[in-house]
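This report concerns only the one structure given below.
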Amino acid sequence: MTASPLTPALESRFATARQVADTVLFEGYVLYPYRASAAKNRLRWQFGVLVPPGWGADREEHDFQHTECLMEPKPGATLAVEARFLHAQRRTVQQALDNGTFETVDRLDLADRVLVPWDEGAEERVEVVVDVAELTGDGVTVAFTRPAREETEPVLDTDGRTVGRLVRRCEEISGAVRLSARELDGPYRVMRLTAVVENTSAWTPDSTEADREAALPRSLVATHLLLGLGAGSFLSMTDPPEWAKGAVAACRNLHTWPVLAGEPGRADLMLSSPIILEDHPAIAPESPGTLYDATEIDEILALRTAALTEQEKREARGTDPRAAAVIDLAESMPPEVLERLHGAVRALREITGPDTPPPAAHDPVADDVDLIDTRGVLRPDTPWWDPAGDDTADPARDRILVDGRSVGVGSRVLLRPGLRRTDAQDLFLKGRSAQVEAVLHDVDGGVHLAVTVEGDPGADIRREQGRFLYFQPDEIAPLEDA
């Protein structure tokens with residue numbers, strides 16, 4: 001076993017997977033409008049945070065990630081493991097005084113930026129290469145420590161004079177990567193690999209350090225794993241072969257989920273991430289660069305970032321070097337790159353038969369006739385935007401018929417998502433009851449229901465902000481009319 005850097009061959013194979021892994025590492029790192037003063041940038045580090053055991057014991061946060069997946073290694077195969085995380089470093093701002101000393105301040109205004117206190121994320125890696133044969137039995141454990149440190153960086157004005165400094169402090173963190181494997185019974189030579197990443201820091205809070213802000217500098221943030229076989233392959237945990245479905249179902253994955261990574265068509269790399277991904281996730285080729293905002297929509301973010309005022313841009317540039325890079329990217333993006341973000345065709349389907357659509361199903365609503373297209377989407381015969389329509393759309397008053405019952409604002413419905421394989425999060429919503437908040441029509445003629453889930457403690461906030469969940473009529477069942 002070695003804890004040395006990866007060999008050139010392994011490094012080359014990991015390079016493609018790291019593009020997606022970097023996105024996981026910095027997911028939500030700094031959100032639009034990229035300023036520390038923005039409300040949504042005051043509560044940070046939401047994904048893959050492994051806190052010290054002494055702090056997380058009585059809280060709903062975890063000190064470990066547990067990954068299990070299946071692999072078919074060839075004789076003599078090696079396993080390369082790369083545990084990656086961010087080490088939060090606390091940055092304070094100090095202003096230079098006339099007597100040569102420095103004073104901590106809340107902000108320092110410069111011509112091109114406004115510097116404020118901020119927690120930066122320093123990327124850390126723990127790399128291990130081990131023979132698969134060594135993983136049987138008790139397996140192997142690699143402990144690691146990142147020491148506390150303090151660094152200062154001078155702040156100069158446009159004339160080159162020192163007007164202040166940035167002080168960065170990191171707390172000590174300790175952890176361990178535990179690897180083991182066991183060959184499963186059966187006719188196939190398949191092994192279950194177990195990989196655990198844990199925070200082993202001995203720090204425990206006192207009465208003045210009881211909040212999350214005190215724990216974060218001692219935490220492993222955005223923790224995830226890259227796993228690579230030197231010879232052999234992993235099995236998909238999302239779409240395994242029929243013979244392996246029972247063994248896949250028996251695997252335990254806690255606070256993380258493994259998917260095949262790297263180039264499509266290969267199965268020798270695995271990414272275990274705190275964010276649910278599909279097999280072989282990839283960055284869209286149209287993406288001009290990292291924008292960090294969770295579930296980012298590059299075109300909208302680029303346009304809105306470019307539209308920030310000069311003062312807002314100065315504040316963003318002073319928040320974090322990565323935020324400054326986003327501002328520079330938005331300002332320098334040429335029109336042809338921005339146009340490329342507007343849309344892309346991912347696949348085309350060849351028509352092999354006559355272009356004769358099947359007969360549409362009919363469902364009367366009020367005095368009109370509603371049409372359900374071949375994908376099951378409810379589409380009125382005369383859309384709301386058509387001048388021939390009798391009336392304009394009114395989300396608060398419109399009603400539709402579902403299973404012969406009228407549904408509108410205030411109606412209680414049962415959620416039945418997943419008919420179009422929409423989102424992995426739908427698994428948690430299936431069978432939940434919800435209340436309809438609006439009946440909406442899109443420009444393609446489709447009808448959608450905006451709902452809030454009953455029992456959601458944040459439902460009132462969602463209503464105030466207009467942030468709802470959206471379902472089509474065939475994805476709900478009426479419970480009763482309000």
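The values are calculated or read from the model by the stated rules, or taken from the named source; none is laboratory data. No experiment lies behind these values; they were computed from the predicted model shown. So basically every Cβ, Gly included, is an ideal-geometry build from the backbone, and we count neighbours across all protein chains shown. For accessibility, only protein heavy atoms count, side chains too; no ligands or nucleic acids. Shrake-Rupley method; radii C 1.70, N 1.55, O 1.52, S 1.80 Å.
Points to keep in mind about this one:
- Residue 74-residue 286 FRET efficiency (beta carbon distance; Förster radius 35 Å; 0.05 resolution): 0.40
- Extension gain (nm, one decimal) between residue 442 and residue 243, 0.36 nm per residue minus Cα-Cα: 67.3 nm
- Residues with amide H under 5 Å from that of residue 236, placed H, sequence gap 5 or more: none
- Only lysines eight or more places from residue 313 in sequence, or on another chain, were considered; those with a Cα closer than 26 Å are 40.
- Estimated FRET transfer efficiency when R0 is 51 angstrom, pair residue 99-residue 188 (beta carbons, to 0.05): 0.10
- Potential lengthening of the chain between residue 266 and residue 107 amounts to 52.2 nm, from the contour at 0.36 nm per residue minus the alpha-carbon distance.
- Using heavy atoms of the protein chains and a probe of 1.4 Å, the accessible area assigned to residue 185 is about 150 Å².
- Residue 150 paired with residue 22, simple spin-label distance in nm, labels 7 Å along Cα-to-beta-carbon: 3.3
- Take residue 276: with every protein chain present and a 1.4 Å probe, its accessible area is about 90 Å².
- Taken one residue at a time, the phi angles of the stretch 238-252 give Karplus couplings (6.51, -1.76, 1.60, θ = phi - 60°) of 8, 9, x, x, 4, 5, 9, 4, x, 5, 5, 5, 7, 6, 10 Hz. Gly and Pro are set to x.
- Candidate residues 471, 64: accessible-area rank, largest first, probe 1.4 Å: 64, 471
- The heavy atoms of residue 317 present about 60 square angstrom of accessible area, all protein chains included, probe 1.4 Å.
- Distant-in-sequence amide H partners of residue 119 (H built 1.01 Å from N, under 5 Å): 91
- Placed amide H near residue 62: partners under 5 Å, 5+ positions off or other chain: 51
- Label-reachable residues, the stretch 85-122, where backbone N falls under 11 Å from a point 7 Å from residue 309's Cα toward its Cβ: none
- Residue-wise HN-Hα coupling along the stretch 186-194, computed from phi with Karplus coefficients 6.51, -1.76, 1.60 (Hz; x: Gly, Pro): x, x, 9, 7, 10, 10, 9, 8, 10
- Computed E for residue 414/residue 339 - FRET, C-beta separation, R0 56 angstrom, nearest 0.05: 0.85
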